[in-house]
1. What does the net charge come to around F98 if you take all other residues with beta carbon closer than 12 Å to its beta carbon, with K and R at +1 and D and E at -1?
2. Please give the peptides 115-124, 35-44 ranked by average Cβ packing (other Cβ atoms within 10 Å per residue), highest first, as a rough proxy for protection.
3. For the stretch 60-74, take each phi angle, set θ = phi - 60°, evaluate the Karplus expression 6.51 cos²θ - 1.76 cosθ + 1.60, and give the result in whole Hz per residue in order, putting x for glycine and proline.
4. For the cross-link pairs K126/K166; K102/K126; K122/K166, which exceed 30 Å when the distance is taken from alpha carbon to alpha carbon?
5. Under a 5 Å amide H to amide H cut-off, with H placed in plane at 1.01 Å, what residues pair with T54 once short-range neighbours are removed?
6. From the backbone phi of the stretch 36-46, what are the Karplus-calculated ³J(HN,Hα) couplings (6.51 cos²θ - 1.76 cosθ + 1.60, θ = phi - 60°) in whole Hz, Gly and Pro given as x?
7. How much net charge surrounds P125 when only the other residues with a Cβ under 12 Å from the Cβ of P125 are counted, with Lys and Arg +1 and Asp and Glu -1?
8. Summing +1 for each Lys or Arg and -1 for each Asp or Glu, what net charge is found among the other residues whose Cβ lies under 10 Å from the Cβ of R50?
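Where a number appears in this text, it was derived from the coordinates with a stated rule and is not lab data. These numbers come from a predicted model, not from an experiment. Here the Cβ is made from the backbone with ideal geometry for all residues, glycine too, and neighbour counts use every protein chain on show.
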Amino acid sequence: MNYRKTKERPSKVAEAVPIERVADERKGRISVADEVWVATALLHQEHPERADFTAKEIEQRAERENVYGVLRPGIYVHAISQCVANREPNPGRYRMLFATGKNTRRLFRTGDPAHPARRGAKITPKKADLPPAYRPLLDWYERVYDAAKSERKAQDPILALRGVGKEVWRDEEPDAYVQRLRRDWA
């Protein structure tokens with residue numbers, strides 16, 4: 001880890017502070033996973049003709065964007081495994097990316113298959129956790145990138161059955177309807 005000397009506390013000896021913390025003070029806080037999500041979302045916006053990106057491209061986009069102030073070594077690892085929904089958690093269990101190949105990734109979409117141990121895990125950053133300039137990415141994700149979510153729900157054949165046949169028992173109490181059906185069975 002890289003260190004610089006600073007005197008944050010009154011003392012005669014300068015304390016070593018990780019460079020990452022210094023960058024954190026300059027740029028604001030953002031987790032590595034959220035930074036990977038931002039870089040991938042930006043790539044999708046910049047290249048809508050592409051379905052996926054290599055982990056290296058995601059890392060390079062994060063470096064170019066410089067959200068944190070320095071490129072953290074965890075960016076590549078998160079893009080390869082820790083943020084990938086359809087990979088075994090190791091140790092991160094986010095569902096922010098989806099592996100489309102050995103080294104290619106895209107943003108996770110609602111309905112994508114995921115490793116069972118990642119069930120219920122984080123899919124997108126929380127709005128409050130992102131620097132203000134990147135918050136519109138969440139709106140874009142919901143409106144454009146993951147927009148098919150509402151369409152998929154509407155097209156679900158089981159959910160489409162909701163309300164079918166309600167005219168049959170419209171004027172009859174449910175218990176009375178079931179009893180009448182059972183009488184007819186005998």
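1. My count for the surroundings of F98 gives +3.
2. Ranked by mean Cβ neighbours within 10 Å, highest first: 35-44, 115-124.
3. Those phi angles translate into 5, 5, 5, 5, 5, 6, 6, 4, 8, x, 9, 7, 8, x, x Hz.
4. K126/K166; K122/K166
5. Long-range HN contacts for T54: R105.
6. Working through the residues one at a time gives 5, 4, 4, 4, 5, 4, 4, 4, 4, 5, 6 Hz.
7. Computed value for this residue: +2.
8. That sum, taken over residues with Cβ under 10 Å, equals -3.
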